[in-house]
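Engineer: Below: one structure in structure tokens.
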Amino acid sequence: MKTVKHILERKSSVIHAVSQNTSVLEALQMMMEKNISALLIMENDMLVGIFTERDYARKIILHGKSSKDTPIHLVMTHNPRTITTDERIENCMELMTNNHFRHLPVLENDNVIGIISIGDIVKHIIEDQKQTIDQLQSYISS
């Protein structure tokens, strides 16, 4: 079975993070610049939360809060669910689907080493299935 390690091997190892006191507006600007939909919230190299586009929509816009004046710690998801590189991809998909979230920070020895999204999982599964189909077609042709 394939694991999160297989996904991370194909992704950039850059981790995008901000501190708890960053304004929501600054976080959104970073997300736009990096073309990402989630940011990790870190303090002293420790993961304390995650902020996503969904958090923005549900906790800022719908409540009439100001992105400029609201620190991210007031609207982030505290203590997000995390995984390790040994987690099976199927388990991650099930976890994300059942809990209605789209991002999972990956930790190794309590250190953040990456983040995977549901898009990363879908992409990996499609590539894996394509490889299986190619092998089957090769087998049938020979």
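The numbers here are math on the coordinates, done by the rules we state, and not lab data. Treat the numbers as computed from the prediction; the structure is a model and nothing was measured. Methodologically, a virtual Cβ is constructed for each residue, glycine included, from the backbone with ideal geometry; neighbour enumeration extends over all protein chains shown.
Engineer: Considering only the other residues whose Cβ falls under 14 Å of the Cβ of E108, what net charge follows from Lys and Arg at +1 and Asp and Glu at -1?
Structural biologist: My count for the surroundings of E108 gives -4.
Engineer: If R₀ is 35 angstrom, what is the calculated FRET efficiency for the pair N98 and S141, using the beta carbon separation as r and rounding to 0.05?
Structural biologist: 0.30
Engineer: So, one more: Hey, what angle do you get for helix 89-99 against the long axis of the chain, alpha-carbon based, 0 to 90 degrees rounded to 10?
Structural biologist: On a 0 to 90 degree scale, this one is about 40.
Engineer: Taking amide H positions as placed in the peptide plane 1.01 Å from N, state which residues far from T3 in sequence (5 or more) or on other chains have amide H under 5 Å from it.
Structural biologist: So T3 has HN proximity to I89.
Engineer: A further question follows. Pull up the cross-link candidates among the aspartates and glutamates for K11, meaning alpha carbon to alpha carbon under 15 Å and not fewer than 8 places away within one chain.
Structural biologist: Within reach: D120, E127.
Engineer: To the nearest 0.05, what FRET efficiency results for D110 and S23 with a Förster distance of 41 Å applied to their C-beta separation?
Structural biologist: Efficiency for this residue pair is about 0.90.
Engineer: Once both labels are modelled 7 Å past Cα along the beta-carbon direction, what's the D45-H63 spacing in nm?
Structural biologist: 3.2 nm
Engineer: Could I ask something else about it? Each residue of the range 32-38 in order: what ³J(HN,Hα) in whole Hz does its phi give by Karplus 6.51 cos²θ - 1.76 cosθ + 1.60, θ = phi - 60°, with x for Gly and Pro?
Structural biologist: Result, rounded to whole Hz: 5, 4, 8, 6, 10, 10, 8.
Engineer: Report the relative contact order of the range 1-115, percent, no decimals, based on alpha-carbon pairs under 8 angstrom and at least 6 residues apart.
Structural biologist: Relative contact order for the range 1-115 comes out at 31 percent.
Engineer: Below 13 Å, Cα to Cα, which aspartates and glutamates can K34 reach? Residues fewer than 8 away in the same chain don't count.
Structural biologist: Excluding near neighbours in sequence, the set is E26.
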